[in-house]
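What follows is a single structure, written as structure tokens, with notes after it.
Nothing in this text is a laboratory measurement; each read-out follows from the coordinates by a stated rule. Given the structure is predicted, the values throughout are model-derived calculations rather than measurements. Positions of Cβ are generated from backbone atoms using ideal geometry, with glycine treated the same way; all protein chains shown enter the neighbour counts.
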């Protein structure tokens with residue numbers, strides 16, 4: 001073997017051995033770090049971890065209580081909303097007594113006709129009452145009661161055996177009191193002024209009846225509708241939205 005080739009081989013072997021020695025030296029110089037804490041230090045670290053865990057659990061419990069309280073308030077709010085809605089619907093349907101601003105109308109026979117000996121009208125026709133109610137509604141009346149009978153959307157005013165009836169209630173004698181409720185005292189004043197010059201007064205006069213109109217009153221009582229309400233063509237929706 002040639003001398004130059006021997007030198008090259010020797011040089012490569014020496015380089016590899018030197019590299020390996022260098023790696024071993026680095027390994028010895030930087031040993032793997034070990035936890036050198038004593039038992040008390042470990043216990044202290046464990047206590048800190050337990051304290052942190054306890055704080056986290058308390059925070060979770062507090063948030064759960066807040067969520068539970070919020071859910072309870074939300075349910076109560078729903079129930080309150082349903083109650084308020086039910087009360088509003090009852091009021092709109094005429095199932096609750098109402099006291100507020102309004103006027104009072106009095107239907108009575110004309111005294112002059114009585115003195116002159118003319119036949120006295122003892123009955124008010126259903127047509128007159130219907131026209132009166134329509135005119136009151138046209139002038140923003142919200143609640144109407146005739147002879148103590150609440151008028152609602154389903155009320156029937158008709159003649160049965162020559163007797164005027166309102167939902168089965170017979171109107172047999174005069175005078176007849178008509179109570180009318182509105183939204184505000186200003187509306188009551190306007191209603192009073194309009195009814196004093198209304199067409200209804202002329203129509204009642206032609207039937208020998210007088211329609212007296214009161215001034216606006218802040219406390220007019222309208223009774224609740226006390227007859228059963230019959231609902232046709234309606235049925236409750238099944239749970240889940242099905243019909």
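Side notes on the structure shown:
- Packing-based ranking, highest mean first, of 160-172, 210-222 given that Cβ atoms within 10 Å are counted: 210-222, 160-172
- A simple spin-label model places the labels of residue 49 and residue 140 7.7 nm from each other, with each point 7 Å out along Cα-to-Cβ.
- Structural size metrics of the stretch 42-93, computed from C-alpha coordinates, are Rg and Dmax of 22.5, 76 Å.
- With the simple model of a label 7 Å out from the Cα in the direction of the Cβ, residue 215 to residue 62 spans 6.5 nm.
- Each peptide among 143-154, 58-69, 197-208 gets the average number of other Cβ atoms lying within 10 Å of its residues, and from highest to lowest they stand as 143-154, 197-208, 58-69.
- Remark: spin-label model distance residue 90-residue 125 equals 4.0 nm, labels positioned 7 Å along the Cα→Cβ axis.
- When each of the peptides 182-188, 45-51 is scored by the mean number of other C-beta atoms lying within 10 Å of its residues, the order from highest to lowest reads 182-188, 45-51.
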